[in-house]
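Everything below concerns the one structure shown next.
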Amino acid sequence: MILHIDMDAFFASVEQASNPRLKNQPVAVASSEKRGVIITSSYEARKYGVKTGFTIFEAQRVCPHIKIVPANFEKYVSTSKKIIEIFKKQGITEVFSIDEAFIDIGDKNPLIVSDQIKKDIKKNFSITCSVGVGVNKDIAKLASGINKPDGFYWVKSFDQIKDIPIKEVCGIGKKISGKLALISVKTINDFVNIKNEVLRSIMGIGGIRLKMALLGELFEKVNPESVIPKSVSNSMTLPQNIWKKEDIDIALFQLSEKVAYRLRKQGLGGKRIGVYVRFGDFTSISIDRRYYEYTSDEQEIFKRAKNIINNLALNKPIRLLGISVTELSPAVQIQIFNENKKERIEAIDRIRERWGFSAITWGVLAKRFKHKPPISPAWRPEKP
Amino acid sequence: MKVIVKKEEILKSLKKVQGISEKRTTMPILNNILLEAKDKITIKATNLDNSIISTSYGTIENTGSICIPSKKFFEIIKSLSGESITISQEEKNILIKSGKSSFKLFSQSPEDFPAIKKPSTDKKITLKRADFIKALNKVEYAIYPDESRLSLNGVYIHKINEKLRFVTSDSFRLCYYELPFEKEIENILISKKGTSEIIKIFSTEETDNLDISIEDNYASFESDGTTFITRLREVKFPNYVEVLPLNNPFKSYIDKSKILESLERLLVIAEESTKGVMFSIKQDIISIKGVNVELGEGEDEIDHIYDGESIDIGFNAQYLIEAISKAEADKIEMSIKDSNKAVLISGDENYKAVVMPIKI
């Protein structure tokens, strides 16, 4: 059996656990104290309608006595690492994000294992989690969402999930669910009844894979080594809105530098570069483009991001900028040219390995924006 | 303007220009072709980087020039059933008549059509058309596919050791093909798009020769009444000669068809993103392995003649297949240094390919 463990309102719960005054209070974790947006909120806050993505102002409007806590990612990462150790005692563990993991528990009784995990986490960290059980990862992930918070749900037959809206399934985004709605596919049951040819034309081979998984016919392994994330991205809310080209360049390079470093640390490169822009009036645009070469080089990522942003109509001040690199693959292909550049980048990485990320940077970033980086949903514990 | 043309004749010209006239563009005039009737009938199309001038045969009753939407004009001509087609101008409209069918198309002013810059043919170089096309066909596969690296996004042609060498590289592999050549020529870098148009346009011509003229960063190619003009890349192709692994010490002689079959088989299982296969090269035998974390693995063995050390080396199988399949000889020579260094593939005298390994 496969377990999917999803920590309940993880960042907010960690804050509540470490500060007794926040217990049972509506709490929201914001990306920064002043200009940030809400990253997550406690269940008490959610009752008032506080949602991820709200500005602090919006959150305070719906819940005037809400406690805003600036995010402390080091704390979440260190808690997450310890929790992963608890999972590993129960079976092969695949970390899915900072607050989610799959565990293959083999023939063990899911009820007993789940109880043990919940007890261990509660005892050590005073926080709760929801557990989903299924024959494969897709079903387990769906199940953990059914009884949140502090839930447990075991999917034993297809009937239990058949009426769930298809858009709630991991891997069905807005674009695809929109296309599915056009052919009147709303529930999981509707989805598994789509003919394979149709499904393939809508979402490729992945659609057929998902159909089999939902029917319980696919048994993909829980893979502790499947640490190739889907994307590596970084974004920042700027200390003040910007519109000058020079400032945009600095912000983009700063993001590129971070993303590139994280890619290299994981030995990855990416083909698709995306740029996300949120304007002062909270409208936003995002655009991505696919390139031929996998890259993990900040100058290249910056060049591509700049190329993309140059094609956007930036007619309003910018509040937030983000860069994502997707279509990742292990950076294994050796290049013919570029030898010198490679040595230069390796030297930078060695310095950072020893003295930290900020020990060395590029001249163009002498005037960098102050920014505490948020954590990517694709966060994984680093390889030793 | 009024001309009478044979359907078959004009279609031949229109087919050639379709690739040049833009489908989507911020300059709508570039969706058009310019049909000129002076002492002969010519059809011109341009997207500013690449242009074509094609001569067609027919009877000119009145001289003049008109601008017609390229795609629609092509489709209309193709759909007509008559042999003979009359194209004429009536105020701002273009009339196309054949048998009992007639079309009236709105036209744009021919004055708006951009002038096509044509290099002077004073210093033209004449090459065998088939040889030139063959050379481009041999090396086209390794062109860097997008314009994020302009210096590699084309075919680099230069003279070296009394040969005309055609070089391409996508930074993971490189290849070149040579033609005997005694004259002088400037070094040129023809864009990827230009290259594929040249191949398309001149592969079907019947004349033997191709005239090449170069001037002010434009090159023209002319054969059998068709002239193609391309804007050359102004960036420099990297200094590739210094990275050619001409002194690799270990040489493996392999049957070309055997290694290709083997690689095709393993490509089925290789990881989608890297297409990686592992070579374990020993005396007499190479074992090749493809591993896929999610699916499983595959293995194959081929014999070869080898005098070097045992080496384990990984490759993108697709790159090797493409590099090897362009060689004409039955046996290929693969020269190797170690697991991290470039491998040189020689198929015949005129063709060489360099493939970079993947890390293992």
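The values are calculated or read from the model by the stated rules, or taken from the named source; none is laboratory data. Worth saying up front: this structure is predicted, and the values here are computed from it rather than measured. In this analysis, Cβ positions are derived from the backbone assuming ideal geometry, glycine residues included, and neighbour counts consider all displayed protein chains.
Kindly provide the set of residues from region B:131-142 that are touching a Leu at 6+ places or on another chain (Cβ under 7 Å) and surrounded by fewer than 21 Cβ atoms within 10 Å (Cβ to Cβ), ordered by number. Spell out how you get there, then give the answer.
In the first step, residues of region B:131-142 are kept if they are touching a Leu at 6+ places or on another chain (Cβ under 7 Å); the result is B:131-132, B:135, B:142.
Selection gives B:131 alone.
Given B:21, B:54, B:70, which one is at pLDDT below 90, within 23 Å of residue B:224 (Cα to Cα) and surrounded by 20 or more Cβ atoms within 10 Å (Cβ to Cβ)?
B:21 is the lone residue from the list that is at pLDDT below 90, within 23 Å of residue B:224 (Cα to Cα) and surrounded by 20 or more Cβ atoms within 10 Å (Cβ to Cβ).
I'm told residue B:120 meets every condition in (1) of a type outside the set (Asp, Glu); (2) touching a strand residue (DSSP E or B) at 6+ places or on another chain (Cβ under 7 Å); (3) assigned by TED's automatic domain parsing to the domain that holds residue B:183; (4) over 30 Å from residue B:69 (Cβ atoms) except one. Can you identify the failing condition by its number?
Of everything listed in (1) of a type outside the set (Asp, Glu); (2) touching a strand residue (DSSP E or B) at 6+ places or on another chain (Cβ under 7 Å); (3) assigned by TED's automatic domain parsing to the domain that holds residue B:183; (4) over 30 Å from residue B:69 (Cβ atoms), residue B:120 misses just condition (3).
Residues that are closer than 30 Å to residue A:279 by Cβ and modelled with pLDDT of 90 or more: list the helices (runs of 4 or more DSSP H) wholly contained in region A:1-90 that include at least 2 such residues. So that I can check it myself, show each step before the final result.
Numbers: elements: A:10-18, A:43-46, A:56-62, A:73-88.
So the answer is A:10-18, A:43-46, A:56-62.
For every residue, the table says whether it meets (1) more than 14 Å from every other protein chain (Cβ to nearest Cβ); (2) more than 18 Å from residue B:46 (Cα to Cα).
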| site | (1), (2) |
| --- | --- |
| B:198 | yes, no |
| B:204 | yes, yes |
| B:208 | yes, yes |
| B:224 | yes, yes |
| B:235 | no, yes |
| B:238 | no, yes |
| B:242 | no, yes |
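Cβ-Cβ below 9 Å, separation at least six or inter-chain, first residue in region B:155-172 and on the phi < 0 side of the Ramachandran plot and surrounded by 23 or more Cβ atoms within 10 Å (Cβ to Cβ), second at pLDDT 95 or above and acidic (Asp, Glu): which pairs?
These pairs meet every condition: B:155/B:140; B:166/B:178; B:168/B:140.
Any residue in region B:343-352 that is exposed (fewer than 14 other Cβ atoms within 10 Å of the Cβ), modelled with pLDDT under 95 and closer than 30 Å to residue A:270 by Cβ?
no
Among the residues of region A:306-348, which ones are within 27 Å of residue B:316 (Cβ to Cβ), within 14 Å of chain B (Cβ to nearest Cβ) and polar (S, T, N, Q)?
Listed by number, the residues that qualify are A:307, A:326, A:329, A:333, A:335, A:338, A:340.
If the requirement is being in contact with a Ser or Thr (Cβ under 6 Å, 6 or more places away or on another chain) and in contact (Cβ under 8 Å) with a residue 60 or more places away in the chain, which of these qualifies: B:62, B:50?
B:50
For residue A:299, all conditions in the list (1) within 14 Å of chain B (Cβ to nearest Cβ); (2) in contact with a strand residue (DSSP E or B) (Cβ under 7 Å, 6 or more places away or on another chain); (3) not aromatic (Phe, Trp, Tyr) hold save one; what is the number of the exception?
Unmet for residue A:299, out of (1) within 14 Å of chain B (Cβ to nearest Cβ); (2) in contact with a strand residue (DSSP E or B) (Cβ under 7 Å, 6 or more places away or on another chain); (3) not aromatic (Phe, Trp, Tyr): (2).
Only one of B:81, B:88 is of a type in the set (Gly, Ala, Ser) and either part of a strand (DSSP E or B) or touching a Pro at 6+ places or on another chain (Cβ under 7 Å) (or both). Can you tell me which?
Testing whether each residue is of a type in the set (Gly, Ala, Ser) and either part of a strand (DSSP E or B) or touching a Pro at 6+ places or on another chain (Cβ under 7 Å) (or both) leaves just B:88.
Of everything in region B:113-138, what is among the acidic types (Asp, Glu) and either within 24 Å of residue B:48 (Cβ to Cβ) or outside any loop (DSSP other than H, G, I, E, B) (or both)? Give them in sequence order.
Step one: filter region B:113-138 for residues among the acidic types (Asp, Glu), giving B:122, B:131.
The answer is B:131, and nothing else.
Report, by residue number, each residue of region B:110-145 that is touching a residue at least 12 places away in the same chain (Cβ under 8 Å), more than 14 Å from chain A (Cβ to nearest Cβ) and of a type in the set (A, V, I, L, M, F, W, C).
The answer is B:113, B:116, B:125, B:127, B:130, B:132, B:133, B:135, B:136, B:139.
Look at region B:276-298 and say how many of its residues are surrounded by fewer than 21 Cβ atoms within 10 Å (Cβ to Cβ), more than 14 Å from every other protein chain (Cβ to nearest Cβ), in contact (Cβ under 8 Å) with a residue 24 or more places away in the chain and not in a loop (DSSP other than H, G, I, E, B).
3
Cβ-Cβ below 7 Å, separation at least six or inter-chain, first residue in region B:1-30 and within 19 Å of residue B:95 (Cβ to Cβ), second acidic (Asp, Glu): which pairs?
B:2/B:61; B:3/B:61; B:4/B:61; B:6/B:83; B:7/B:83
Hey, can you tell me all the residues within region B:95-112 that are under 15 Å from residue B:70 (Cβ atoms) and either assigned to a helix (DSSP H, G or I) or outside the structural domain of residue B:22 (by TED's automatic domain parsing) (or both)?
The answer is B:110, B:112.
May I ask you to verify whether residue B:152 is of a type outside the set (D, E, K, R), touching a Ser or Thr at 6+ places or on another chain (Cβ under 7 Å) and within 14 Å of chain A (Cβ to nearest Cβ)?
When the stated conditions are applied, residue B:152 passes them.
Identify, by number, the condition in (1) part of a strand (DSSP E or B); (2) of a type outside the set (Gly, Ala, Ser); (3) over 21 Å from residue A:241 (Cα atoms) that residue A:349 doesn't meet.
The number of the failed condition is (1).
Sort through A:128, A:187 and tell me the only one that's in contact (Cβ under 8 Å) with a residue 40 or more places away in the chain and polar (S, T, N, Q).
A:128
Please enumerate the residues belonging to region A:310-319 that are hydrophobic (A, V, I, L, M, F, W, C) and either part of a loop (DSSP other than H, G, I, E, B) or over 23 Å from residue A:36 (Cβ atoms) (or both).
A:312, A:313, A:314
Which fully enclosed helices (runs of 4 or more DSSP H) of region A:205-309 have 2 or more residues being closer than 25 Å to residue A:333 by Cα? Full working, then the answer.
Values: elements: A:205-214, A:245-265, A:298-309.
Hits in region A:205-309: A:245-265, A:298-309.
Filter region B:312-347 down to the residues that are farther than 23 Å from residue B:274 by Cα and among the charged types (D, E, K, R), then identify the one that is farthest from the other protein chains (Cβ to nearest Cβ).
B:330
Just to be sure, is residue B:262 more than 14 Å from every other protein chain (Cβ to nearest Cβ), more than 20 Å from residue B:132 (Cα to Cα), in a strand (DSSP E or B) and over 26 Å from the mean Cα position of the chain (by Cα)?
Working: more than 14 Å from every other protein chain (Cβ to nearest Cβ): yes; more than 20 Å from residue B:132 (Cα to Cα): yes; in a strand (DSSP E or B): no; over 26 Å from the mean Cα position of the chain (by Cα): yes.
No; evaluated as a whole, the condition is false for this residue.
Counting just the residues of region B:348-360 that are over 15 Å from residue B:179 (Cα atoms) and in a strand (DSSP E or B), which one comes out nearest to the other protein chains (Cβ to nearest Cβ)?
At the first step, the residues of region B:348-360 found to be over 15 Å from residue B:179 (Cα atoms) are B:353-360.
Still in the running and in a strand (DSSP E or B): B:353-355, B:358.
Working: B:353: 11, B:354: 7, B:355: 9, B:358: 4 Å.
Ranking the candidates gives B:358 first.
If residue A:41 satisfies every condition in (1) within 20 Å of residue A:236 (Cα to Cα); (2) among the polar types (S, T, N, Q); (3) free of Cβ contacts under 8 Å to residues at least 24 places away in the same chain but one, which is the exception?
Every condition holds for residue A:41 apart from (3).
Of these, A:279, A:369, A:337, A:357, which one is aromatic (Phe, Trp, Tyr) and modelled with pLDDT of 90 or more?
After applying the criteria, what remains is A:279.
Give region B:163-185 a look and list any residue that's in a strand (DSSP E or B) and closer than 12 Å to residue B:243 by Cβ, or say none. So that I can check it myself, show each step before the final result.
First, pick out the residues of region B:163-185 that are in a strand (DSSP E or B): B:163-169, B:173-180.
Once the filter is applied, which keeps residues that are in a strand (DSSP E or B) and closer than 12 Å to residue B:243 by Cβ, region B:163-185 yields B:167, B:169, B:173, B:174.
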